[in-house]
């Protein structure tokens, strides 16, 4: 057996700007695991918010690979989440193949199915919004990246041009509750479906206060990683965004979804900017969640693998 990483450079269709950083490309890794039961692949999409870089992923992988045991028990919580996911997923796929099962049945997941996905828009100049929206009529919802400075102006311009549901993703862009409430007052009537992570994850008191009065569903993203205090999260949010590169584990993602449901929280299956190799693993959970945001592969100029397709805003495995 042999396991190795292949670094891939992915040029993006636009400058991908969030409240905390921006980029025109991503460097991910494809995990290859060659065995007597087949060649299995997964993906690693490093996220700088969690201290992950391509260089740090390579260093940590080299240390792990010295063990050469291909054992799930060698993957621990100290690993970078995206690296742990990439390694765990190919090892689980191998385990499923040895049992003659597909990965979904091996993990006891509900059957996946085609699902409506939102399409994401980065922070951008107001004058570029109309052109960006032109080819997106087929999507039933848009996920709008915003910061505190330009959020209202962006949303106002978008609302002029489309009546689809808007998922507002602040990426922790506000640091003051009163300032956020003034923004919230201004966006009434804009067909907002939900607001994602307006404050930094440590602002528990502000989230608890906001949930009591918010007219919109609040979605946790940065507030939940590979662990979550759901008794606390349920007091702050209405829903949680589960991303495999953030949970670091298919098994953990399954557990987090079940735990969220037990606490009456809705669940979104989200993603980073990933090829369809990574997105195909997210598709395993489409039968278990309330919202799907698996558009990361659509943001890449030339997605090389084509394991997932999008038709009229619906994503499905090819």
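The values are calculated or read from the model by the stated rules, or taken from the named source; none is laboratory data. Because the structure is predicted, anything quoted here is derived from the model rather than measured. In this analysis, Cβ positions are derived from the backbone assuming ideal geometry, glycine residues included, and neighbour counts consider all displayed protein chains.
Within the stretch 125-149, count every residue that is in contact with a helix residue (DSSP H, G or I) (Cβ under 8 Å, 6 or more places away or on another chain) and buried (at least 16 other Cβ atoms within 10 Å of the Cβ).
6
Quickly run through the stretch 158-176 and pick out the residues that are touching a residue at least 12 places away in the same chain (Cβ under 8 Å), surrounded by fewer than 17 Cβ atoms within 10 Å (Cβ to Cβ) and out of contact with any strand residue (DSSP E or B) (no Cβ under 8 Å at 6 or more places or on another chain).
161, 163, 175
Among the candidates 57, 8, single out the residue that is crowded, with 20+ Cβ neighbours inside 10 Å and modelled with pLDDT of 95 or more.
Residue meeting the stated conditions: 57.
Looking only at the stretch 66-115, count how many residues are surrounded by 17 or more Cβ atoms within 10 Å (Cβ to Cβ) and not in a helix (DSSP H, G or I).
Summing the residues that are surrounded by 17 or more Cβ atoms within 10 Å (Cβ to Cβ) and not in a helix (DSSP H, G or I) in the stretch 66-115 gives 7.
Restricted to the stretch 252-266, and to residues that are within 17 Å of the chain's Cα centre (by Cα) and farther than 17 Å from residue 211 by Cβ, which residue is surrounded by the most Cβ atoms within 10 Å (Cβ to Cβ)?
This residue is 253.
From the list 282, 270, which residue is surrounded by 24 or more Cβ atoms within 10 Å (Cβ to Cβ), without any contact (Cβ under 8 Å) to a residue 40 or more places away in the chain and under 25 Å from residue 91 (Cβ atoms)?
282
Looking at 249, 214, 223, which is the one that is in contact with a helix residue (DSSP H, G or I) (Cβ under 8 Å, 6 or more places away or on another chain), touching a residue at least 40 places away in the same chain (Cβ under 8 Å) and surrounded by 16 or more Cβ atoms within 10 Å (Cβ to Cβ)?
None of the others qualify; the one that does is 249.
Can you spot a residue in the stretch 39-55 that is more than 26 Å from residue 18 (Cα to Cα), out of contact with any helix residue (DSSP H, G or I) (no Cβ under 9 Å at 6 or more places or on another chain) and not in a helix (DSSP H, G or I)?
Within the stretch 39-55, one or more residues are more than 26 Å from residue 18 (Cα to Cα), out of contact with any helix residue (DSSP H, G or I) (no Cβ under 9 Å at 6 or more places or on another chain) and not in a helix (DSSP H, G or I).
Among 317, 294, which is the only one that is modelled with pLDDT of 95 or more and surrounded by 18 or more Cβ atoms within 10 Å (Cβ to Cβ)?
Being modelled with pLDDT of 95 or more and surrounded by 18 or more Cβ atoms within 10 Å (Cβ to Cβ) holds for just one of 317, 294, which is 294.
So residue 237 fits all but one of (1) under 25 Å from residue 96 (Cβ atoms); (2) free of Cβ contacts under 8 Å to residues at least 40 places away in the same chain; what number is the exception?
(1)
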